[in-house]
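Enquirer: Dropping the structure in here first, questions after.
No value in this document is a laboratory result; all are computed from the given coordinates. Because the structure is a prediction, the values reported are computed rather than measured. Every residue, glycine as well, gets a Cβ built from its backbone with ideal geometry; the counts of neighbours run over all protein chains shown.
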Amino acid sequence: MEIIKKDGKLEKFNSKKIKTSIENSANEAGIILNESDLIMLVQDIESKLLKIREKQLITSSYEVIGVVLSVLKKTGFKQVIKSYIKF
């Protein structure tokens with residue numbers, strides 16, 4: 001899958017960036033996420049993005065942000081959302 005960045009550049013989707021961003025957001029919110037939490041969140045996010053972009057494997061950074069926020073809310077990590085929005 002590829003992602004259209006905010007500046008319009010197209011690059012390969014990198015789930016490690018999502019993981020790092022969520023981890024940093026959680027730390028800023030004073031929440032400690034263990035490795036299995038992070039893996040579960042990233043897998044859920046990737047799965048949802050692939051469902052949305054089933055045929056056209058290109059997404060946007062805005063769509064990724066929306067999916068991340070949705071997954072964080074759905075999985076009970078609401079306190080991480082505020083910090084994630086800052087990143």
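Enquirer: Starting from a Cα-only point model with no solvent, please compute log10 I(q)/I(0) by Debye for the chain at q = 0.23 1/Å.
Expert: Cα-only, vacuum Debye calculation for the chain: -1.15.
Enquirer: With a length cut of 18 Å (Cα positions projected on each helix's long axis) and a Kyte-Doolittle mean of at least -1.0, go through the chain and give me the DSSP H helices that pass.
Expert: Helices passing the filter in the chain: 35-52, 61-74.
Enquirer: Mind sorting TYR84, TYR62 by how few other Cβ atoms lie within 10 Å of their own Cβ, fewest first?
Expert: The order, fewest Cβ neighbours first, is TYR62, TYR84.
Enquirer: Using the structure shown, list the pairs from LYS12/LYS55; LYS51/LYS86; LYS17/LYS51; LYS9/LYS78; LYS9/LYS55; LYS55/LYS86 with a Cα-Cα distance above 23 Å, or answer none.
Expert: LYS51/LYS86; LYS9/LYS78; LYS55/LYS86
Enquirer: Enumerate the residues in the range 1-31 having an amide nitrogen under 18 Å from the point lying 7 Å beyond the Cα of ILE58 toward its Cβ.
Expert: Answer for this model: 1-14.
Enquirer: If each DSSP helix of 4+ residues adds -39,500 (n - 2.57) and the sum is divided by the residues in the chain, what number results at 222 nm, nearest 500 deg cm²/dmol?
Expert: -20500 deg cm²/dmol
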